[in-house]
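Taking it in order: structure first as structure tokens, then the write-up.
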Amino acid sequence: MENLINIFVKSVFIDNMIFAYFLGMCSYLAVSKTVKTSVGLGIAVIFVLGITVPVDYLIENYLLKEGALLWLSPQLADVDLSFLTFIMFIAVIASMVQLVEMVIEKFSPALYSSLGIFLPLIAVNCAILGGSLFMQERQYNSIIEATSFGLGSGVGWFLAIVGIAAIREKIRYSSIPAPLRGLGITFIITGLMGIAFMSFMGIKL
Amino acid sequence: MGDREPLFSTKNIKLLKEPLGTNNPITVQVLGICSALAITVKLKPSIVMAISVVAVTAFSNVIISLLRNYIPPRIRIIVQLTVIATMVILVDQILKAFAYDVSKQLSVFVGLIITNCIIMGRLEAFALGNRPWPSFLDGVGNGAGYGIILIIVAFFRELLGSGTIYGYPVLEKIGLYKTGYVNNGLMILPPMALITVGIIIWVQRSKNQDLIETH
């Protein structure tokens, strides 16, 4: 249990998707103009990361890894399909996003109308594929750990986008040098927020 | 067809040159920032990354452009993703075979070329409606426009952060350390990549006033 909380906290603060790895920057910059829309996108990202990371964990361990096909028949013990990783992960993500979209539409029309346009965008959000690839690289021991990592990364992304959106709403009233307006200042503020987040690095987990 | 236009007509040259400056994918179109800033600590991985992105954009542009009349519009996204993923797998396997240490440094970021918005964006905006040769040039141009920003950022981060250029200890050779100069450790940390890009945008926009945003 303690281990799970550690993984969660670590992926929210220390290995934050935006500030430490710049993943999902495109939608982060494009959608962070108002707090309301960024909350919507943030929740959608938590949701999708929380589902795709464990699914990709299963695919990685029962299909792609060297010897992962052992459960089918002993002859397949040295089959290594890991070169298919990218294409499998991206296919899983695209289809999961589609599926999640349909399920939400059926069971919670209210949530669907608030997330609606963001869900399809998420299929090409680097944070989602990045989550799965980091999961593969870091070799989590169980599917529960992988889920905890996925949810944590989502929450970290959510915090980052809501934070920058709040700052951008306020900064509209400040006088910024003209060439820095818009994109330039957003980059610099993200950098400063990143430096603030680096103070979590000293925490040993 | 009528009369064929020459391979390097003015129009085609423009396709190649525009993304390097006034229509740069990173600083103007705001695409594809995601996958790459984390690897700009050193010049070498950045150059490898830039070449990989140029290769993937150019060739997936050509493939989609060749297939453009056969792809049903409804499933075009998944077709595009498959083509991109295949190209990225090729790049990844080549890197693993010929430049293993760089491939280890780049870790997951080679895979993340798949979700690099520049590639998807160019396929959607250009390759689906143009012939293979212009698409190839467009791909090379946009890949290079992206690569050039990576290389500029990496140049400054490596020079100021580690005092080297492409692994060569420049500052030590010119004897700067003897005067009491110390490397700026902050430049190696991830947030400085963002701030460096912010400054590049600042410089570019103050030179080219047309690009300035009005909130």
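The values are calculated or read from the model by the stated rules, or taken from the named source; none is laboratory data. No experiment lies behind these values; they were computed from the predicted model shown. Reconstructed Cβ throughout: ideal geometry from the backbone, glycine too, with neighbour counts over all protein chains shown. The accessibility values were calculated without ligands, DNA or RNA, using every heavy atom of the protein model including side chains. Shrake-Rupley method; radii C 1.70, N 1.55, O 1.52, S 1.80 Å.
Some points to look at:
- Among the residues of B:105-116, the average count of other protein chain beta-carbon atoms within 10 Å of the residue beta-carbon is 6.
- Gyration tensor (alpha-carbon) shape descriptor, region B:1-90, a/c threshold 1.5: oblate
- Protein heavy-atom accessible area occluded, A/B pair - total, 1.4 Å probe, Å²: 3700 Å²
- Inter-part distance where region A:2-27 and region B:129-202 are each reduced to a Cα centre, Å: 25 Å
- Contact-buried residues of region A:3-25, at a threshold of 40 Å² lost accessible area versus the chain by itself: A:22 (1.4 Å probe; DNA, RNA and ligands ignored).
- Taking the average, over residues, of other Cβ atoms within 10 Å as the packing measure, peptides B:42-54, B:105-117, B:138-150, B:86-98 rank B:138-150, B:105-117, B:42-54, B:86-98 from highest down.
- For residue A:71, solvent-accessible area (1.4 Å; no DNA, RNA or ligand), Å²: 150 Å²
- Around the amide H of residue B:165, modelled in the peptide plane, lie the amide H atoms of B:170, all under 5 Å away and 5 or more residues distant in sequence or on another chain.
- The protein assembly as shown shape via C-alpha gyration tensor axes, a/c threshold 1.5: rounded
- Accessible area per residue in Å² at 1.4 Å probe, computed on region B:38-214: 45 Å²
- Heavy-atom accessible surface of the protein assembly as shown: percent carbon and sulfur, 1.4 Å: 68 percent
- Comparing the full protein assembly with the isolated chain (1.4 Å probe, heavy atoms, ligands and nucleic acids excluded), the residues of region A:74-94 losing at least 40 square angstrom of accessible area are A:83, A:86, A:87, A:90.
- Cα pair distances exceeding 21 angstrom across chain A, given as percent: 57 percent
- Accessible area in the full protein assembly, largest first, 1.4 Å probe, for A:190, B:179: B:179, A:190
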